[in-house]
1. Given a cut-off of under 8 Å on Cα pairs at least six residues apart, what relative contact order in percent is computed for the chain?
2. Please give the helix 177-190 orientation as an angle from the longest Cα principal axis of the chain, in degrees from 0 to 90, rounded to the nearest 10.
3. Give the calculated FRET efficiency between residue 212 and residue 171 to the nearest 0.05, with a Förster radius of 41 Å applied to their Cβ-Cβ distance.
4. When all C-alpha to C-alpha distances in segment 120-254 are sorted into bins of 5 Å, what percent of pairs does each bin hold, rounded to whole numbers?
5. Give me the angle, in degrees from 0 to 90, between the Cα long axis of helix 234-253 and the longest principal axis of the Cα atoms of the chain, rounded to the nearest 10.
6. If you look at just the Cα atoms of segment 5-70, how large are its Rg and its Dmax in Å?
7. With a/c under 1.5 counting as rounded, go ahead and sort the chain into rounded, prolate or oblate using the C-alpha gyration tensor (a ≥ b ≥ c being the square roots of the eigenvalues; past the cut-off, prolate if a/b is larger than b/c, else oblate).
8. Which ordering of 228, 210, 240 is given by a fewest-first count of other beta-carbon atoms within 10 Å?
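All of the numbers you see were taken from the coordinates with simple rules; none came from a lab. These numbers were taken from a predicted model, which means no experiment stands behind them. Cβ sites come from the backbone with ideal geometry, for glycine too, and all protein chains shown count toward neighbours.
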């Protein structure tokens with residue numbers, strides 16, 4: 001196989017992942033033409049890749065108008081991954097225990113490239129429902145977890161990682177870089193961070209790191225609670241969360 005062939009196949013693989021990421025981000029079936037426009041690729045390339053992905057059931061046709069969406073083969077691949085991914089399996093049990101002790105919504109969160117995402121969630125045992133869309137990307141500076149997940153990086157690495165527009169908060173205000181970096185260093189030193197959510201006006205977010213053997217946060221466990229309950233139970237929630245994150249880290253690092 002020539003070097004040009006290898007490079008061409010690598011570019012094709014990158015484009016295939018662009019297609020999958022774009023469909024995940026949009027969250028609905030699209031025509032190949034719309035996908036090509038969305039990812040900035042030639043239509044002919046996208047049509048060829050879509051045909052290949054359909055053949056392998058990575059994509060599936062939807063309706064009769066040429067729309068495609070993520071295929072069930074991805075589900076089976078995901079299940080195979082989960083069977084051998086101790087973090088997810090162990091975290092599921094940790095979240096159940098957090099909900100049992102606090103009655104609040106519990107989450108496991110990760111970095112996904114330049115963004116933050118909720119990977120697992122257990123809803124709280126209360127009538128007031130608090131939940132998030134699993135797998136949906138969000139700007140890192142909007143999150144309590146983000147401060148912990150970046151704590152091992154240098155200031156320059158953090159600046160290089162985060163898109164400039166992600167410092168603009170939902171209310172239109174810009175989060176000062178100096179404040180963000182200071183909060184990251186505080187979170188890293190304390191092994192915990194919490195704040196009133198910037199995405200709404202009624203919840204408070206708690207986060208604690210799940211660290212690998214080298215002390216790097218590979219995930220966070222989180223509690224999302226109504227602000228009044230968070231204030232009244234702050235120390236209990238903080239203790240439960242930190243203990244749960246530390247116990248999870250010990251189990252997966254054994």
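1. Contact order relative to length: 14 percent.
2. So the helix axis and the longest Cα principal axis differ by about 60 degrees.
3. Working: r = 35 Å, r/R0 = 0.85.
E(calc), rounded to 0.05, equals 0.70.
4. P(r) for segment 120-254, in whole percents per bin: 2, 10, 19, 23, 21, 15, 8, 2, 0.
5. So the inclination is approximately 50 degrees.
6. Gyration radius and largest Cα-Cα distance of segment 5-70: 11.1, 36 Å.
7. Numbers: a/c = 1.84, a/b = 1.69, b/c = 1.09.
In terms of gyration-tensor shape, prolate.
8. Starting with the residue having the fewest Cβ neighbours, the order is 228, 240, 210.
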